[in-house]
2 protein chains.
Amino acid sequence: MQLDQLDRSIIGVLLEDGRATFAQIGDRVGLSAPAVKRRVDRLVASGAITGFTVRVDPAVVGWSTEGYVEIYCRGSTSPDQILAAVERLPEVVSASTVTGEADAILHILASDVRHFEQVVERIAREDFMVRTKSELVMSPLLRREQGSLPS
Amino acid sequence: MQLDQLDRSIIGVLLEDGRATFAQIGDRVGLSAPAVKRRVDRLVASGAITGFTVRVDPAVVGWSTEGYVEIYCRGSTSPDQILAAVERLPEVVSASTVTGEADAILHILASDVRHFEQVVERIAREDFMVRTKSELVMSPLLRREQGSLPS
DNA sequence: TTTGAAACATAGCGTAG
DNA sequence: CTACGCTATGTTTCAAA
């Protein structure tokens with residue numbers, strides 16, 4: 001789907017405040033509330049907006065340990081195999097195949113270091129896995145996952 | 001702040017649907033709408049909930065290139081210096097100091113590979129920087145940033 | 001928790017580009 | 001024909017009892 005400038009402005013407002021009313025959004029982008037609603041509905045239907053959520057402080061809700069795991073797989077491993085292995089684990093928050101030495105990077109949230117270790121062990125036991133390399137987060141300096149639009 | 005089981009259930013509902021009405025949340029957790037509102041207000045005031053947003057498909061919106069950059073700094077570099085350097089760059093979506101060889105991992109969204117390269121170059125020019133190691137995302141397999149609660 | 005007023009969402013309809 | 005604004009009605013929010 002193709003977004004025009006109005007769609008992009010609306011998404012920009014919603015990224016800042018996902019509960020902004022249609023009238024508030026309309027004031028900022030120059031449309032009436034019903035017009036904004038129609039566009040938001042269309043953005044949701046088309047998949048440009050995939051959902052509405054809250055941003056939560058991970059430490060407060062109990063995800064106090066965070067880390068990245070690079071995984072190295074056998075040459076014959078497909079992305080689908082990796083996905084099938086990680087999507088069962090709710091602690092895996094994102095997974096992507098990457099260029100470079102590693103085959104994929106996983107982002108993991110766990111309740112403590114022990115829990116993190118258990119998750120890594122379960123991943124390491126997959127039969128396509130050659131080795132893993134973990135990096136535990138010490139201080140989260142910046143966290144604005146998907147917080148703006150390209151200029 | 002300490003969360004009880006009700007708070008955790010409310011956050012769970014809001015993670016799935018950030019626009020759920022207080023009455024809908026109440027139905028699922030067993031409270032009246034005003035009672036839910038009071039709790040949500042308290043969760044926001046206490047910082048457990050840091051905001052409301054939309055989830056957006058990064059590709060649709062123009063962030064079609066994604067990558068991770070490990071940075072290696074001089075021994076004397078403080079986390080604050082790293083933060084100061086990256087928070088100016090809107091393309092840096094998260095930054096954390098980590099254990100292991102690298103000092104920090106940055107998660108970056110860019111509009112294309114050229115743009116990504118420019119961002120990495122700007123980071124590399126910081127005077128505390130020794131070297132960087134980039135991994136470009138090929139396929140995003142899984143993306144549920146902060147999508148659930150610890151069990 | 002209930003209540004009632006104000007704000008909001010949302011469908012229908014007419015209009016302009 | 002698509003997208004807008006306006007208006008009317010049902011829902012939700014929210015503060016006070």
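The values are calculated or read from the model by the stated rules, or taken from the named source; none is laboratory data. All figures in this text were calculated on a predicted structure; none of them were measured in a lab. Cβ placement follows ideal geometry from the backbone for every residue including glycine, while neighbour counts extend to all protein chains displayed.
Quick grid of which residues meet (1) touching a strand residue (DSSP E or B) at 6+ places or on another chain (Cβ under 7 Å); (2) in the same structural domain as residue B:124 (by TED's automatic domain parsing); (3) among the small types (Gly, Ala, Ser):
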position	(1), (2), (3)
B:15	yes, no, no
B:19	yes, no, no
B:25	no, no, no
B:30	no, no, yes
B:34	no, no, no
B:37	no, no, no
B:42	no, no, no
B:66	yes, yes, no
B:70	yes, yes, no
Report whether or not residue A:75 is buried (at least 16 other Cβ atoms within 10 Å of the Cβ) and either more than 8 Å from chain B (Cβ to nearest Cβ) or touching a residue at least 12 places away in the same chain (Cβ under 8 Å) (or both).
no
Filter pass, residue B:61 being within 30 Å of residue A:5 (Cα to Cα) and within 10 Å of chain A (Cβ to nearest Cβ):
yes
How many residues does region B:13-25 hold that are facing chain A (nearest Cβ under 9 Å), part of a helix (DSSP H, G or I) and either surrounded by 18 or more Cβ atoms within 10 Å (Cβ to Cβ) or not acidic (Asp, Glu) (or both)?
2
Taking residue B:57, is it within 16 Å of DNA strand C (Cβ to nearest atom) and either at pLDDT 95 or above or of a type outside the set (Ser, Thr, Tyr) (or both)?
no
Assess whether residue B:97 counts as being away from chain A (no Cβ under 11 Å) and surrounded by 15 or more Cβ atoms within 10 Å (Cβ to Cβ).
no
Suppose we keep only residues that are within 10 Å of DNA strand D (Cβ to nearest atom) and in contact (Cβ under 8 Å) with a residue 12 or more places away in the chain within region A:1-18. Which one would you say is nearest to residue B:54 (Cα to Cα)?
A:10
Within region A:53-72, track down each residue that is in contact with a helix residue (DSSP H, G or I) (Cβ under 9 Å, 6 or more places away or on another chain) and crowded, with 20+ Cβ neighbours inside 10 Å.
A:53, A:54, A:56, A:61, A:65, A:66, A:67, A:69, A:71
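Matching residues to (1) surrounded by 16 or more Cβ atoms within 10 Å (Cβ to Cβ); (2) under 28 Å from residue B:15 (Cβ atoms); (3) more than 9 Å from every other protein chain (Cβ to nearest Cβ); (4) touching a strand residue (DSSP E or B) at 6+ places or on another chain (Cβ under 9 Å):
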residue: B:111; (1), (2), (3), (4): yes, no, no, yes
residue: B:116; (1), (2), (3), (4): yes, no, yes, yes
residue: B:125; (1), (2), (3), (4): no, no, yes, no
residue: B:133; (1), (2), (3), (4): no, no, no, yes
residue: B:139; (1), (2), (3), (4): no, yes, no, yes
Within region A:1-48, the residues that are within 13 Å of DNA strand C (Cβ to nearest atom) and β-branched (Val, Ile, Thr) are A:10, A:13, A:21, A:25, A:36, A:40, A:44
Please verify whether region A:27-44 includes one or more residues that are within 7 Å of chain B (Cβ to nearest Cβ) and surrounded by fewer than 21 Cβ atoms within 10 Å (Cβ to Cβ).
no
Hey, can you tell me all the residues within region B:100-140 that are in a strand (DSSP E or B) and within 17 Å of residue A:145 (Cβ to Cβ)?
B:104, B:105, B:106, B:107, B:108, B:109, B:110, B:137, B:140
Residue that is nearest to the chain's Cα centre (by Cα) [pool: residues in region B:44-65 that are within 13 Å of DNA strand D (Cβ to nearest atom) and within 20 Å of residue B:16 (Cβ to Cβ)]
B:52
